[in-house]
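Coordinate-derived values only; no laboratory data. A quick note: this is a predicted structure, and the numbers were derived from the prediction, not measured. Neighbour counts are summed over all protein chains in view; Cβ atoms, including those assigned to glycine, are modelled from backbone coordinates with ideal geometry.
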Amino acid sequence: MTHLVQGPGGFSPAGQPPRRKICVVGLGYIGLPTAAILADRGYEVVGVDVRPDVVATINAGRIHVVEPHLDTLVEQVVREGKLRAETSPCEADVFFLCVPTPITEDHRADLSYVEAASESIKPYVRAGNLIILESTSPPKTTEDVVIPHAVPEHLAIGEDVYVAHCPERVLPGRILIEAVENDRIVGGMTPACTQQVLDFYRTFVRGNIHATSAITAEATKLVENAFRDVNIAFANELSILAGKLGADPFEIIELANHHPRVNILTPGPGVGGHCISVDPWFLVEAAPEVTPLIRTARNVNDSKPHFVIEQVRAAAASVEKPVIGCLGLAYKSDVDDLRESPSLEIVRDLAGAGLGELRVCEPYVTAEQFKEFPLSSVEETIAESNILVLLTDHSPFRELSADDLAGKHLIDTRGIWRKVMAEGPAVRPSLPIDPGCDNVIRRAA
Ligand code: SAJ
């Protein structure tokens, strides 16, 4: 880490003005951990969120999102007076913009949050300040949105004020570790912007920090997530193909991955979350004529829930009084995040399909937080269902035994029960039934 000069109440690399006060706009899954890490590093941090309930929760030393260890850290830095939350920004030395960048129905970037956050800090931006866009954004957002909306006209970029895009790359469930340990990219609007922001990141990041331009940083982040989306699409297409061939897709992938140069990801019910299912569209929107693969991968992953529904329909048709137990609503394992979740989409469609009664189980969300469907416990769902659809591979579902699952029609969209079923005496995996679905396990004859 850079040698820090302890200035009056702040840290700064040698030869730079002391920067002691930080304003983080947007206290969601990225903003709150970032604010807490900086406060723990000794900065005075003001977190800003438009939601008064979120501000009140944080100022009470509590958190509104599920992320390992974040509750302890926030409680500590609020108690120590290093972090406080407000509903509007204030003067600071460094401004972080950590707001959502969702997409519209027709897959276009919605930059209204970035615009509003940029506008909100403009009255407080002073010479010497750093402005950092952490939100994953379409190429040129820093130049075309942040600068015109956040920087007072009389301040020169790269001389008076330093603007950069530093995309977060953290995996939900490991945010506090990865925000500090992962390599980071600092993309400044000018080389001076890059240097000033890079030196600042040196004060709290242990990973390597790579310097580049703002547009390259924006594109790199999108490319990382598009790469993963394309690979997951390959796995999902495989899972449908294997069904047509009457083979087990998970076994094929397991065997293929023994090849030294093959690393196929894992099929599932689709791709969710506000990252991998969103960010590739920013690249498609930027250059639709040259991104057929990225667009196709999005369409393959977005169509996978349909195949899962057809699996359930086939299983329900073979049962007298179907009671369909849906295991998981979150977009991936062991998180409480339902955004863009294929699991939730499937349960909604099943609720409208009238294939049978539904039992919905989501261990990471409470009935207070989620009112769309009544939630059942794992035990109730297992006991009352004759068809079980594994949608999100949460740990509690991974721990189910062959006896728990015995006698049920199982649709295991993520292949987590293959081993316990292979060992279990009660039932045996059977070949997928048409159309092209993953593992369906029938009751033993
Ligand atoms: N998924 C599969 N099969 C797999 C892997 C994932 O179906 O083999 C599904 C998951 O179930 C989920 C979706 O893909 O629905 C995305 O999950 P994820 O764990 O792949 O990623 P995220 O969205 O939680 O986090 C990603 C990460 N990006 C990459 O790994 C390239 C993270 O590092 C980013 O910081 C994050 O997006 C982000 O904020 O952009």
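For this structure, a couple of remarks:
- The alpha-carbon positions of segment 203-292 define a convex hull whose volume is 166 Å³ per residue.
- Cα-derived Rg over Rh, computed across segment 282-404 with Rh taken as Kirkwood radius: 1.04
- Separation of alpha-carbon centers, segment 290-361 and segment 369-401, rounded to whole Å: 14 Å
- Positive-end extreme of charge dipole, the chain - chosen from 210, 172, 98 (charges on Cβ): 210
- Most mobile of 145, 290, 378 in a GNM of the chain (Cα contacts under 10 Å): 290
- From most to least packed by mean Cβ count within 10 Å, the peptides 296-304, 151-159 give 296-304, 151-159.
- Using only alpha-carbon positions in segment 246-342, the gyration tensor eigenvalues give semi-axes of 27, 20, 15 Å once each is multiplied by 5 and square-rooted (largest first).
- Reported value for segment 33-106: 112 Å³ per residue, from the convex hull of its C-alpha atoms.
- Annotation: for a label point projected 7 angstrom from Cα along Cα→Cβ of residue 127, residues of segment 192-222 with backbone N closer than 19 Å are 192-193, 196-197.
- Helix 112-121 axis, angle to the chain major axis (alpha carbon atoms, nearest 10°): 30 degrees
- Highest mean packing comes first when the peptides 200-209, 252-261 are listed by Cβ atoms within 10 Å, giving 200-209, 252-261.
- Angle in degrees between helix 191-201 and the longest Cα principal axis of the chain, rounded to the nearest 10: 70 degrees
- The Cα-based radius of gyration and maximum Cα-Cα distance (Dmax) for the chain are 24.2, 80 Å.
- Above-threshold pairs, the threshold being 26 Å between Cα atoms, out of 244/419; 140/332; 221/244; 244/321; 82/371: 140/332; 221/244; 244/321; 82/371
- Spin-label proximity, residue 257 to segment 221-236 - amide N less than 12 Å from point 7 Å beyond Cα toward beta carbon: 235
- Solvent-free Debye calculation, one equal scatterer per alpha-carbon of segment 51-202: log10 I(q)/I(0) at 0.09 Å⁻¹ equals -0.31.
- From the Kirkwood radius over Cα pairs of segment 225-444, Stokes-Einstein at 10 °C and 1.306 mPa s returns a whole-number translational diffusion coefficient of 90 µm²/s.
- Degrees separating the helix 292-317 axis from the principal Cα axis of the chain, which is the longest one: 40 degrees
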